[in-house]
1. Can you find a residue in segment 173-193 that is touching a strand residue (DSSP E or B) at 6+ places or on another chain (Cβ under 8 Å) and either aromatic (Phe, Trp, Tyr) or within 21 Å of Met121 (Cα to Cα) (or both)?
2. Check Ala178 against each of (1) in a loop (DSSP other than H, G, I, E, B); (2) more than 16 Å from the ligand (Cβ to nearest atom); (3) of a type in the set (A, V, I, L, M, F, W, C); (4) open to solvent by less than 10 Å² (accessible area, probe 1.4 Å) and name the one condition it does not meet.
3. Just to be sure before I move on: is Gly227 within 15 Å of the ligand (Cβ to nearest atom), free of Cβ contacts under 8 Å to residues at least 24 places away in the same chain and of a type outside the set (A, V, I, L, M, F, W, C) in the structure I sent?
4. Here's a check for you: in segment 203-220, which residue that is part of a strand (DSSP E or B) and of a type in the set (A, V, I, L, M, F, W, C) is surrounded by the fewest Cβ atoms within 10 Å (Cβ to Cβ)?
5. Quick one: how many residues across segment 70-110 are assigned to a loop (DSSP other than H, G, I, E, B), open to solvent by less than 30 Å² (accessible area, probe 1.4 Å) and among the hydrophobic types (A, V, I, L, M, F, W, C)?
6. Tell me which residues, restricted to segment 143-162, are away from the ligand (no atom under 16 Å from the Cβ) and open to solvent by less than 10 Å² (accessible area, probe 1.4 Å).
7. Starting from segment 6-30, keep only residues that are within 29 Å of Ile205 (Cβ to Cβ), then list their pairs with residues that are open to solvent by 80 Å² or more (accessible area, probe 1.4 Å) and more than 16 Å from the ligand (Cβ to nearest atom) whose Cβ atoms are within a distance under 6 Å, requiring at least 6 positions of separation or different chains.
8. Here is a check on your reading of the model: is Ala149 modelled with pLDDT of 95 or more and touching a strand residue (DSSP E or B) at 6+ places or on another chain (Cβ under 9 Å)?
Amino acid sequence: MAILFAANWKMHHGPEQAATFARAFKELTFPQPTRSIWFFPPATSIRTLALELDERPDVAIGAQDVHWEPSGAYTGALSIPLAQEAGATVALVGHSERRHLFGETDEETGRKVAALLDGGMRPLLCVGELADQRERGETEAVVRRQLDAGLAGVAEEDLPRVVIAYEPVWAIGTGKNATPDDAASVHAFLRSLVVDRGGPEDIAILYGGSVKPGNVLSFLVEDEIDGVLVGGASLTPESWTEIVGVGGGAAA
Ligand code: PEP
């Protein structure tokens, strides 16, 4: 299976910066069968990136969040058809910033995952525990609850289209990370839960949380870790190219 590298730009890079980034990225990398690269820019930059990277078969563009309703009076929200019209084929769901800063509930993540699959997009469902939950030994209980809710409306035959990211919340944007070994054991647990639901053993499970050029390989050498979801270190073409280069040759 190709290694999946996902870049979460959060609230950075409008259309102009996204276009500049894409041009540098195209000069620095070329498609490799060993890796897939997903970009999650702000909604206003989806179209630009989709057009700039249209000829890259290794790249997909995604939304950072979607609403489950296809249209209607939902001020500020992005529907799945609107994201698709802009060029998105994948979407993050349940990122910890949506859950903990914006109050997204487990039930809402489930509705979003199901709506994305119905609409023909692939969800990247994020799960992860807070620092105090980890200290209390609740990591498995928390990620199990989030996974169960996230996949509640997913038919068995659609499970292969889901990607999961394990992102311990205390490791996001903090410079701290789970040890590769600790992350791998949570991944193995998540994989067993997916298999129990009738899903594939080889479902892609990414690790996220302060991944950088200097530590990405230590995660990817773990059999259980199928890729990485990267925030801060995905924001410059140089750093991002170094990270994806681990998946098979970066220089053009
Ligand atoms: C993220 O936003 O999903 C993330 C993992 O951020 P960072 O790499 O900056 O910790």
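1. no
2. The number of the failed condition is (2).
3. no
4. Ile205
5. 1
6. Leu147, Leu151, Leu159, Val162 - these are the residues of segment 143-162 that are away from the ligand (no atom under 16 Å from the Cβ) and open to solvent by less than 10 Å² (accessible area, probe 1.4 Å).
7. Qualifying pairs under 6 Å: Phe30/Ala252.
8. no
The values are calculated or read from the model by the stated rules, or taken from the named source; none is laboratory data. Since this is a predicted model, take the numbers as computed values, not measurements. FYI the Cβ positions are ideal-geometry reconstructions off the backbone, even for glycines, and counts take in every protein chain you see. SASA here: full protein model, heavy atoms, side chains in, ligands and nucleic acids out. Shrake-Rupley method; radii C 1.70, N 1.55, O 1.52, S 1.80 Å.
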